[in-house]
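The values are calculated or read from the model by the stated rules, or taken from the named source; none is laboratory data. Only a predicted model underlies this, so the values are computations on that prediction, with no experimental measurement involved. Please note: Cβ atoms are built from the backbone with ideal geometry, for glycine as well, and neighbour counts cover all protein chains shown. SASA here: full protein model, heavy atoms, side chains in, ligands and nucleic acids out. Shrake-Rupley method; radii C 1.70, N 1.55, O 1.52, S 1.80 Å.
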Amino acid sequence: MVRRSIVLAAALMCGSALNAQNATRTGGVAGVPTIDSTTQSQDVRFRDVRGDRMTVPVRLGGRGPYQFLVDTGADRSAVSSVIASRLGLAPAARAVLHSSTGVTTVSTARIPSLEFTRPAQKLIEAAVLESANMGADGIVGADVLRSQRVQFDFENRTMTIVPSETPDFRDEPGTIVVEARRKNGRLILVDAVANDQTVTVVLDTGSEICVGNEALRRRLEGHNLVDARQVVQLQSVTGDMISGDYMFVRKLRISGITLENLAVVFVDTHTFKQLKLDKTPALLLGMNAFRAFKKVSIDFANRQFRVVVPEHSELETRVAMGGLRQP
């Protein structure tokens, strides 16, 4: 394991944003690409870095596969209403769903088995949502990722889910391991500083862009926070909308990693309140930050965030800004 400070020019993204159990999408910004609704093969091959749907093939009760979004920020898994009806999934009790825009009571369905690794996950109750709002056939949430590790290999353009006891990718030059904490099923990083101000970071693979709360925005005012003067519309999995301001954080440091010029949408989503982070500076670390690395693994059981940084210290931006320009 290499413990060293490495500065990365963070991938700047203003594409489709998916926020935890919030499948939020950006809108109202010139040049933003549309959601890619086509299904993908196992170990997703990324076709366009601005519109990737980070999905894995999942079998439900032996049927499928269906393409599910892997969302480390979602506390509950979900399945589309069309698939639930097609498979004749037994209805379960209605449940409370926490999304970016608030709390909603939704229907749930009993999935006899959910298989993306072996052995399959047995009998889960998944929220029943509309695929148009999720941007996928369903969501693999933290409720079924407790003993799993999510691995991204951006060089080979693949994503996999494996049991935590499976050996992680080998320690190669540029490997950094950050210890995490667990809160409400999510992994939290506390050794983080944004523009020299302390911040709590939540790992959120379901969000295509980082999302900061208003407490963080207030803390960063006068501390190199760059306003792009753009308003972004975020849509939750319930179809509700919320508006946020698109800005740039000059420098985010997490342990030995430094990301520069990081694109962030600032808005007080309900997610921060649910995690009791609405009063303290906090950031949902989205896929635009993860793409700055060669590899990323998020290990729930071992509470570890492992990355492999590029060989060079300055990373070329991998993701277009959808027509926006940094001030």
Worksheet item: Does residue 136 satisfy the condition of being closer than 17 Å to residue 237 by Cβ, open to solvent by less than 40 Å² (accessible area, probe 1.4 Å) and either among the hydrophobic types (A, V, I, L, M, F, W, C) or in a loop (DSSP other than H, G, I, E, B) (or both)?
Response: yes
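Under 19 Å from residue 54 (Cβ atoms) and either touching a strand residue (DSSP E or B) at 6+ places or on another chain (Cβ under 8 Å) or open to solvent by less than 30 Å² (accessible area, probe 1.4 Å) (or both): is that true of residue 296 in this structure? Show your work before the answer.
Numbers: under 19 Å from residue 54 (Cβ atoms): yes; either touching a strand residue (DSSP E or B) at 6+ places or on another chain (Cβ under 8 Å) or open to solvent by less than 30 Å² (accessible area, probe 1.4 Å) (or both): yes.
Spelling it out, residue 296 is indeed under 19 Å from residue 54 (Cβ atoms) and either touching a strand residue (DSSP E or B) at 6+ places or on another chain (Cβ under 8 Å) or open to solvent by less than 30 Å² (accessible area, probe 1.4 Å) (or both).
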Worksheet, complete the sentence: For region 59-96, the count of residues that are touching a residue at least 60 places away in the same chain (Cβ under 8 Å), touching a helix residue (DSSP H, G or I) at 6+ places or on another chain (Cβ under 9 Å), farther than 13 Å from residue 237 by Cα and open to solvent by 20 Å² or more (accessible area, probe 1.4 Å) equals 2
Discussion item. Can you confirm whether residue 214 is out of contact with any Asp or Glu (no Cβ under 8 Å at 6 or more places or on another chain), open to solvent by 40 Å² or more (accessible area, probe 1.4 Å) and either charged (D, E, K, R) or under 22 Å from residue 276 (Cα atoms) (or both)?
Written reply: no
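Matching residues to (1) closer than 24 Å to residue 100 by Cα; (2) at pLDDT 85 or above; (3) in contact with a Lys or Arg (Cβ under 9 Å, 6 or more places away or on another chain):
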site	(1), (2), (3)
230	yes, yes, no
244	yes, yes, no
247	yes, yes, yes
255	no, yes, yes
260	no, yes, yes
274	yes, yes, no
294	no, yes, no
312	no, no, no
323	no, no, no
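In this structure, does residue 146 turn out to be within 30 Å of residue 218 (Cα to Cα) and either part of a loop (DSSP other than H, G, I, E, B) or open to solvent by 40 Å² or more (accessible area, probe 1.4 Å) (or both)?
On the way: within 30 Å of residue 218 (Cα to Cα): no; either part of a loop (DSSP other than H, G, I, E, B) or open to solvent by 40 Å² or more (accessible area, probe 1.4 Å) (or both): yes.
So residue 146 does not fit the description; no.
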Practice prompt. Would you please list the contacts, defined by Cβ atoms under 7 Å and residues six or more apart or on different chains, that run from a residue in region 247-272 that is free of Cβ contacts under 8 Å to residues at least 40 places away in the same chain to a residue that is open to solvent by less than 10 Å² (accessible area, probe 1.4 Å)?
Written response: 247/264; 247/266
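Rundown of residues vs (1) open to solvent by less than 20 Å² (accessible area, probe 1.4 Å); (2) modelled with pLDDT of 90 or more; (3) within 15 Å of residue 303 (Cα to Cα), yes/no style:
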{"site": "150", "(1), (2), (3)": "yes, yes, yes"}
{"site": "159", "(1), (2), (3)": "yes, no, no"}
{"site": "163", "(1), (2), (3)": "no, no, yes"}
{"site": "173", "(1), (2), (3)": "no, no, no"}
{"site": "188", "(1), (2), (3)": "yes, yes, yes"}
{"site": "194", "(1), (2), (3)": "yes, yes, no"}
{"site": "201", "(1), (2), (3)": "yes, yes, yes"}
Worksheet entry | Odd one out for residue 113, checked against (1) more than 23 Å from the chain's Cα centre (by Cα); (2) open to solvent by 30 Å² or more (accessible area, probe 1.4 Å); (3) not aromatic (Phe, Trp, Tyr) | (2)
